[in-house]
Amino acid sequence: MLPLPRFEYSAPNDVRDASRFLAEPGSQLIAGGTDLLVSMKQRLFEPRHLVSIRRLGLRGVTVQGGVVRIGAATTLAQVATNLTVREQFPALSDACLTVATPTIQSMATLGGNLMLDTRCLYYNQPAGWRASLGYCLKREGTVCHVAPKGRGCYATQSADTVPALWLYGAEVEFQSTRGVVLRKVSDMYRDDGMAWHGVGRDEVLVAVRLPLAEARVGHRKLRTRQAIDYAQVLVAVRAPVADGPWAAVISAVASSPLFVEAEDPTALAEAAFRASQPLSTHLPAATWRKRMVRVEVARAAAALGDGR
């Protein structure tokens with residue numbers, strides 16, 4: 001069993017105190033810890049100070065003024081089984097239920113999933129394994145083994161809930177010592193495997209806001225043998241709203257989610273196929289994953305019917 005590195009631990013009672021801790025170099029936020037602690041054992045992260053959100057009162061689902069507000073510390077299991085979420089945002093419920101195991105769903109949080117680190121075959125390995133290759137550009141090395149002649153890191157964005165939240169028009173609420181900041185999920189992620197989000201160092205994710213609307217969204221997750229694992233391809237598809245187009249968000253194929261639109265499901269699947277350029281960040285062949293983008297978008301659209 002891999003040991004954790006040494007660290008200090010704080011569980012403040014106030015978001016402003018948590019923000020002040022985070023502003024200090026070497027500090028990192030921890031929620032459920034289901035991904036972070038594994039990464040720490042692999043020495044991908046070695047924070048000197050872990051700041052917990054467990055005492056900040058960030059759990060629960062409320063509805064006010066046509067907006068559903070989900071606290072960042074609400075577990076994926078709580079999100080998935082909440083009646084309002086199941087009725088209004090079934091694709092989000094489905095996405096939560098495809099994460100790992102029921103045990104992990106009862107610990108992992110919605111906020112933690114939104115802030116999930118990018119992943120790669122050459123990065124998410126124990127330190128000894130990575131050392132045998134000279135490490136990688138994302139951690140301790142100088143070369144991206146996925147694309148040695150490329151210009152950056154190509155680790156993929158693989159957070160299960162992001163595609164559905166994107167298409168539901170969700171906003172994310174952050175709080176820091178400077179006040180409250182709102183960001184659309186669609187604006188949070190960068191095409192950079194190393195700096196995959198634009199969130200400030202001292203910003204604490206406190207809630208996700210979803211507008212009650214007519215959007216109909218479907219979710220698909222492709223995994224090897226339906227195993228309990230991260231996705232090979234993640235897809236969410238939105239049926240037309242009013243006279244608008246079909247839309248899809250594709251993830252686990254690039255460092256940021258991909259958004260495409262088209263007039264009908266067939267054209268949408270083709271647009272998603274053309275936009276997706278997966279690399280060898282996963283064990284299965286990138287060419288197979290690219291072809292499966294078309295298949296999964298078509299399946300998600302078919303499950304929504306004609307969308308009218």
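No lab work stands behind these numbers, since they all come straight from the coordinates. Model, not experiment: these values are computed from the prediction. Positions of Cβ are backbone-derived with ideal geometry, glycine not excepted, and every protein chain shown enters the neighbour counts.
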Straight-line reach from K221: which lysines have Cα under 25 Å away, leaving out those fewer than 8 places along the same chain? K184, K290
Taking N as the number of residues in the stretch 218-308, the ratio of its alpha carbon radius of gyration to 2.2 N^0.38 Å works out to 1.04
Among A242, A100, A23, which one moves the most in a GNM of the chain with springs linking Cα atoms closer than 10 Å? A242
Based on alpha-carbon centroids, what's the gap between the stretch 101-121 and the stretch 2-53 in Å, whole number please? 15
Within 10 Å, at most 14 other Cβ atoms, and a DSSP state outside H, G, I, E, B define an exposed site. Report the longest part of the chain free of exposed GluC sites (Glu not before Pro). 1-213
Please grab the % of Cα pairs in the chain that end up more than 36 Å from each other. 15
Rounded if a/c under 1.5, otherwise prolate or oblate - the stretch 1-131, Cα gyration tensor axes: oblate
Gaussian network model of the chain, springs between alpha carbon atoms under 10 Å - residue of A73, A195, A247 with greatest fluctuation: A195
Quick one: order V217, V293, V85 by neighbouring beta-carbon count within 10 Å, fewest to most. V85, V217, V293
Ordered by fewest other Cβ atoms within 10 Å, a rough proxy for footprinting exposure, I228, I30, I250 read I228, I30, I250
Reachable lysines from K41, Cα under 22 Å, same-chain residues fewer than 8 places away excluded? K138
Here the convex hull volume per residue of the stretch 76-206, taken over Cα atoms and given in Å³, is 132
Under 5 Å from the placed amide H of C136, counting only residues 5+ away or on other chains, we find G141
Magnitude of the Cβ-charge dipole of the chain, K/R +1 and D/E -1, about the Cα centre, nearest 20 debye? 720
Sorted by Cβ neighbour density within 10 Å, fewest at the top, the residues H145, H282: H145, H282
Counting only residues 5 or more places away or on other chains, whose amide H sits under 5 Å from the amide H of I30 once H atoms are built in the peptide plane? V51, S52, I53
Checked the stretch 113-152 with the C-alpha gyration tensor, a ≥ b ≥ c its square-rooted eigenvalues, rounded below a/c of 1.5, otherwise prolate if a/b is larger than b/c and oblate if not; verdict oblate
In order through the stretch 64-78: 3J(HN,Hα) via Karplus (6.51 cos²θ - 1.76 cosθ + 1.60), integer Hz, x for Gly, Pro: 7, x, x, 10, 9, 10, 10, x, 4, 8, 5, 6, 4, 5, 5
Using the Cα gyration tensor of the stretch 146-205, with a ≥ b ≥ c the square roots of its eigenvalues, what is the shape: rounded (a/c below 1.5), prolate (a/b larger than b/c) or oblate (neither)? oblate
